[in-house]
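The values are calculated or read from the model by the stated rules, or taken from the named source; none is laboratory data. This one's a predicted model, so the numbers in the text were calculated from it and none came from an experiment. Glycine gets a Cβ as well: all are built from the backbone with ideal geometry, and neighbour counts include every protein chain shown. Calculation scope for accessible area: heavy atoms of the full protein, side chains included, ligands and nucleic acids excluded. Shrake-Rupley method; radii C 1.70, N 1.55, O 1.52, S 1.80 Å.
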Amino acid sequence: MNISLKTRRLLFALFTFTFCSITAYAQGIVTQARVGFDEFRADIPHGKIDTITYESKTVGDTRRALIYTPPGYSKNKKYPVLYLLHGIGGDEKEWYNGGSPQVILDNLYAQNKIVPMIVVLPNGRAIKDDRAIGNVMAPDKVQGFANFEKDLLTDLIPFIDNKYHVYADKDHRAVAGLSMGGGQSLNFGLGNLNVFSWVGAFSAAPNTKKPEDLIPDPDAVKNKLKLLWISCGSSDGLLLFSKRTHDYLVEKNVPHIYYIEPGVHNFKVWKNGLYMFSQLIFKSIDASTFPQYAYNEVGVPAPTNIPGVKYPEIFPDNTVFFRVKAPDAKTVQIDLLKKYTMSKDTGGYWTVTTDPVALGFHYYSLIIDGVAVVDPATQTYYGMGRMASGIDIPDPDGDFYTIKDVPHGEIRSVNYYSIITKAWRRANVYTPPGYDTQTDKRYPVLYLQHGSGEDETGWPTQGKMNFILDNLIAAKQATPMIVVMDRGYATDPTQPPATNARGISMAGNVFPDVLVKEVIPMVDAKFRTLADRDHRAMAGLSMGGFQTFQTTMTNLDKFAYVGGFSGAAFMQPGTDITKMYNGVFADANAFNQKVKVLYLSVGTIEPERMQTMVKGFHEALEKAGIKQVFYESPGTAHEWQSWRRSLNQFASLIFKN
């Protein structure tokens, strides 16, 4: 038979299109979601999520569901459908409110990792009053979840098949859900192998049938199902229900993916379930790869743990697993940026896995039966106005503050009597490498202040300032210097406590006097300093930044370098900057000649009030012609990672010709 050249070309084009359509979604093993997988991106196409209504003969009423259509949804093509089910305490909006599935899917589309699909998020409580209110465990409401099987099969699926441009066959239809919805997915999917080819259960609840009832004919599942996915958090109290199903499937040689990750019964686990499951469905899939699906990312003890203690444990996605033994406690929480409720096991251990935690150092507390206490597994730090636990999330770019095989300076504790405060005080003093051997050498001095609720131990302990300086000096990026860290709270007992309009104590205001009149003379007398303004700097974080400006701007005869990290000057809206600090900024040329480095910084995700304050001051200085260095620390908030980065920059700029 002769085939024309035109026909051969057409057939080749069709073959190429078909081949490319299949291979476009070819992939290796899908791995655990990385940090940022669920963060909204403005720079990519977005799908659309709407509310729909459909007539339910099962319920005898009009019912609601959400529907997600992918980016570029077109009526000129057909799409597969994923039915995504919620938990017992939720409704059709639970995924939307707690899991942002549209964001996860949009991001995956942008990376060409999933097949374009429609996702339907129904209300799995098939009764007339299907609201998630009152006693969600009431018998009639629980029965509504069983009734939903008929509603799904005879009402919702036909409605979607008729209303939207979808493939109406089992190989293009998937069902998955969390908790109660995970149990429903197993019950409905495995009970209707002629309707679904893809089934996913995330932390399936006890409504799951017994395995022998769920899968009475293992061969039918092998032949008809393309993917059976079961996942759960390793610390989830419902794990046993997933495991019993998994064990039965292994016994009957039914291919499936069993994925256990660190976590409890929450959206962290469920969002990752959706992330991984959605990448596998509606594609060519190789069941021989299923045994390779295991959580292989090993957690490591936090560097802030007591030596030899395993928990808290940090995972590669910066989630943290906490474990605390408190057998007699009624409730235990971790208070770390936000509060996490822990779950108790039969051994009296309370556990929880957090959301991904921002890079750097963070204070935290255990809350046991309502009382905040330190975690006995970690080192303690003075912060939050008291002793607190701390955890340090490693920064891939944090090499600048890690201890290295370079010459090291020393932190010395100096006690001195303050005539102003009528009390003994303590300063921590960093002396650079070689200070004790090069006895004929004198050094410039940086006075470095902590923030509110902290003390003179903050910078060397939480801030790693000694390692930052050691590394800079070893790399010849900073001038060897002495660094003095004093307690920023000082009161004059002969004066009544000063308070602001809200009655908050402002007694710390006498600290500038203590620093200028007592600390500087004491340091110049005890250490080999270059005791002039050109060799003297002051910087601080937050409260310490405000104290820095309060001190230096009224004593420019003593300081030539000034730094404010997330703190600078209290400038009210409408303030004329040229009139602040007795007009120190009025003559820009004179100021610029006098102050060799003026440095300001703020984290990009700090509270809006702090960003507005620091940036507003920076812009006012700029408008007044005041030279400065302004740095925004990417992705950090009002915490130590912003300030470590700032010190690293500031120390490399000062005391240079």
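In the assembled protein chains, Lys594 presents an accessible area of approximately 90 Å² (probe radius 1.4 Å).
With a Förster radius of 51 Å applied to the beta-carbon distance between Lys623 and Lys77, the computed FRET efficiency rounds to 0.40. For the pair Asn555 and Asp345, label points projected 7 Å from Cα toward Cβ lie 5.6 nm apart. Of the accessible area of the chain, computed with a 1.4 Å probe over protein heavy atoms only, carbon and sulfur atoms account for 53 percent.
Rolling a 1.4 Å probe over the heavy atoms of the protein chains gives the chain an accessible area of 45 Å² per residue. Centroid-to-centroid, using Cα positions, region 122-164 and region 239-301 are 27 Å apart. Spacing of the modelled spin labels on Ile306 and Arg34, each 7 Å from Cα toward Cβ, amounts to 3.7 nm. Close amide H contacts of Leu82 (hydrogens built in the peptide plane, cut-off under 5 Å, sequence separation of 5 or more or a different chain): Ile118, Val119, Val120, Ala174. Note the angle between two axes, namely the Cα long axis of helix 239-251 and the longest principal axis of the Cα atoms of the chain, as a number of degrees from 0 to 90, rounded to the nearest 10. Long axis of 239-251 versus the principal axis of the chain: about 50 degrees. Between the residues Gly409, Tyr68, Ala427, the greatest Cα displacement towards the positive end of the dipole of the chain, with unit charges on the Cβ of Lys, Arg, Asp and Glu, is found for Tyr68. For Rg/Rh (Cα atoms, Kirkwood Rh), the value calculated from this model appears in [x] 1.00; [y] 1.09; [z] 1.05 under label [y].
With Cα atoms defining each centre, region 304-330 and region 456-475 are spaced 27 Å apart in the structure.
Taking a threshold of 21 Å on the Cα-Cα distance, which of the pairs Lys48/Lys163; Lys596/Lys623; Lys526/Lys558; Lys268/Lys330; Lys517/Lys615 fall above it?
On the way: Lys48/Lys163 16 Å; Lys596/Lys623 18 Å; Lys526/Lys558 18 Å; Lys268/Lys330 24 Å; Lys517/Lys615 32 Å.
Pairs exceeding the cut-off: Lys268/Lys330; Lys517/Lys615.
Spin-label model, Lys476 to Asn112: label points 7 Å out along the Cα-to-beta-carbon direction sit 4.8 nm apart. Need one number: % antiparallel among DSSP beta bridges in the chain, to the nearest 5. Roughly 55 percent of the DSSP beta bridges within the chain come out antiparallel.
Quick check on region 37-175: of the DSSP beta bridges with both residues there, what percent are antiparallel, nearest 5%? Could the numbers behind the result be given before it?
Numbers: 13 of 20 bridges.
Around 65 percent of the beta bridges assigned by DSSP in region 37-175 are antiparallel ones.
Overall, the chain carries a charge dipole of about 960 debye about its Cα centre when +1 sits on the Cβ of Lys and Arg and -1 on the Cβ of Asp and Glu, all other atoms neutral. The alpha carbon gyration tensor of region 345-461 gives principal lengths a ≥ b ≥ c with a/c of 1.5 or higher and a/b no greater than b/c, which makes the shape oblate.
Summed over qualifying helices (DSSP H, 4 residues or more, each -39500 (n - 2.57)) and divided by its residue number, the chain shows a 222 nm mean residue ellipticity of -8000 deg cm²/dmol.
Couplings for region 155-172, taken from phi via the Karplus curve 6.51 cos²θ - 1.76 cosθ + 1.60 with θ = phi - 60°, read 10, 6, 4, x, 4, 5, 4, 7, 8, 10, 7, 10, 6, 9, 10, 5, 6, 10 Hz in order; Gly and Pro are left as x.
Of Lys93/Lys283; Lys57/Lys128; Lys57/Lys78; Lys170/Lys222; Lys222/Lys283, which sit over 21 Å apart, Cα to Cα?
Table pairs above 21 Å Cα-Cα are Lys93/Lys283; Lys57/Lys78.
In the context of the full protein assembly, Lys78 retains an accessible surface of approximately 110 Å², using a probe radius of 1.4 Å and ignoring ligands and nucleic acids. Accessible area per residue was computed with a 1.4 Å probe on protein heavy atoms; Asp392 scores about 10 Å².
Around the amide H of Gln449, modelled in the peptide plane, lie the amide H atoms of Ala539, Gly540, Leu541, all under 5 Å away and 5 or more residues distant in sequence or on another chain.
Counting only protein chain heavy atoms and rolling a 1.4 Å probe, the accessible areas of Lys627, Lys77 rank, largest first, as Lys627, Lys77. In plain terms, the chain from Leu153 to Asp534 could stretch by 129.1 nm, reckoned as 0.36 nm per residue minus the Cα-Cα distance.
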